[in-house]
Amino acid sequence: MYNLGIYIYKIAAAIASIFSKKIRTMLRGQQQTFGILREKIKPEDYVVWFHCASLGEFEQGRPIMERVRKNHPEYKILLSFFSPSGYEVRKDYPGADAICYLPFDTKHNARKFVRLAHPKIAVFIKYEFWTNYLTRLHSKGVKLYSVSSIFRPTQHFFRWFSSPYILKKFDHFFVQNQQSKDLLHTIGIDCVTVTGDTRFDRVLDIRNAARPLPLVEQFAKGHNVFICGSSWEPDEEIYIPYMQQHPDWRLIIAPHVVSESHIASIERLLQGRKIVRYSHLGEEPDADVLIIDCFGLLSSIYRYAQVAYVGGGFGAGIHNVPEAAVYGIPVIFGPNNQKFREAQKLKECGAGFEITDAETFAKVMQPFIDNPASAKTIGQKAADYITQNAGAADTCYKAIFEQA
């Protein structure tokens, strides 16, 4: 039944690619995978394979990859993605020796991929459980690990009609919380360690290595700054009208989709404000709104704000909350955050704030408008939460690679 579903999925993707550039990009990328493996990986290489679904999972796996690169430069690192939003952004990542798409999980693809890659160790990040790949890896004696995984009672693994067969292929799980360990125990899996989320290590690494951005620093200097990262239109329709009433606060907006049409829609909402795009920063010295019209800067820009809003909570789910919290600033986000443990914990400690509409946004934001200094006190709780929960990457690295 599973294999039939994969073939149906392949057919559906081929049809959908006629209408979707993203899916066309993925299918073309998959066609190049085996050529990349032949070119980049030699029979004598000691290969460590990291697989990430997309960009978020890459950020969770990256701290471990970088520890492997630092301590075992003789290992060859293979990095694979399923989604174009991961591969297309990180296809030139210098920390891996070979980067490719993961082809659909057919038996043929699994056999060919494992034969060409011949990994000694495979690390799957968070939710990745591909039956044919895992079965093939297990049959070849490859050490299999799941990192930063998280399990919930609603997942099919824990239904009465399901089998834990595929999960038992893993040598060890490094899970984010105790609930995940307890759930795995109910289906007979005890090779589990609660480590927390490696993403905390990643955002600390980013903070410590953040590059200076003199023009942004000059824009923010001497002002209270509100930043929205990974901003979507439903987010903008809430926070922009409110912030328009407080022109003494400067705005930095980093849209999730950097397109001319999206940026133009943001600019229409900001009538009356002096706007500058990052690509022209320095040309408009009196601007009080900065729109980031490129990628790769957001994680370094959060530090210039008093309050942050992380977008996506009115859609599929909020984006990277720890990326903002690590700088010791309060973080606001939309209602779709239940599956994001870090958001729940930030709410519990009083440094994260859920909003559902314009009214709740105003209620959360007004105390910071009235007393900007309060943001620093509350933000410190966010920074403390990140620091106190770091360490998962070192734990995983030592357990996997110091005994490899």
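The values are calculated or read from the model by the stated rules, or taken from the named source; none is laboratory data. In this text the structure is predicted, and so the values were computed from the model without any measurement. All Cβ positions, glycine included, derive from the backbone under ideal geometry; neighbour counts span all protein chains shown.
For this structure, a couple of remarks:
- Apart from one condition, Cys396 fits all of (1) crowded, with 22+ Cβ neighbours inside 10 Å; (2) touching a strand residue (DSSP E or B) at 6+ places or on another chain (Cβ under 9 Å); (3) assigned by TED's automatic domain parsing to the domain that holds Val225; the exception is (3).
- Residue in the stretch 237-253 that is assigned to a helix (DSSP H, G or I), farther than 26 Å from Ala373 by Cα and without any contact (Cβ under 8 Å) to a residue 12 or more places away in the chain present: no
- Matching strands (runs of 3 or more DSSP E) fully within the stretch 57-142 where at least 2 residues are under 23 Å from Ala393 (Cβ atoms), in contact with a Phe, Trp or Tyr (Cβ under 8 Å, 6 or more places away or on another chain) and without any contact (Cβ under 8 Å) to a residue 60 or more places away in the chain: 76-81
- Output for the stretch 161-207, where each listed residue is part of a strand (DSSP E or B) and without any contact (Cβ under 8 Å) to a residue 60 or more places away in the chain: Phe173, Val175, Val192, Val194
- When Ile15 is tested against (1) assigned to a helix (DSSP H, G or I); (2) touching a Leu at 6+ places or on another chain (Cβ under 8 Å), only condition (2) is not met.
- Pairs where the first residue, in the stretch 257-276, is under 14 Å from Ile240 (Cα atoms) and the second is among the hydrophobic types (A, V, I, L, M, F, W, C) and part of a helix (DSSP H, G or I), C-beta under 6 Å, 6+ apart: Leu269/Ile240
- Selection over the stretch 57-74 of residues that are in contact with a strand residue (DSSP E or B) (Cβ under 9 Å, 6 or more places away or on another chain) and buried (at least 19 other Cβ atoms within 10 Å of the Cβ) gives a count of 9.
- Scanning the stretch 91-127 for residues that are within 21 Å of Thr25 (Cα to Cα), surrounded by fewer than 20 Cβ atoms within 10 Å (Cβ to Cβ) and not hydrophobic (A, V, I, L, M, F, W, C) gives Lys91, Asp92, Tyr93, Thr106.
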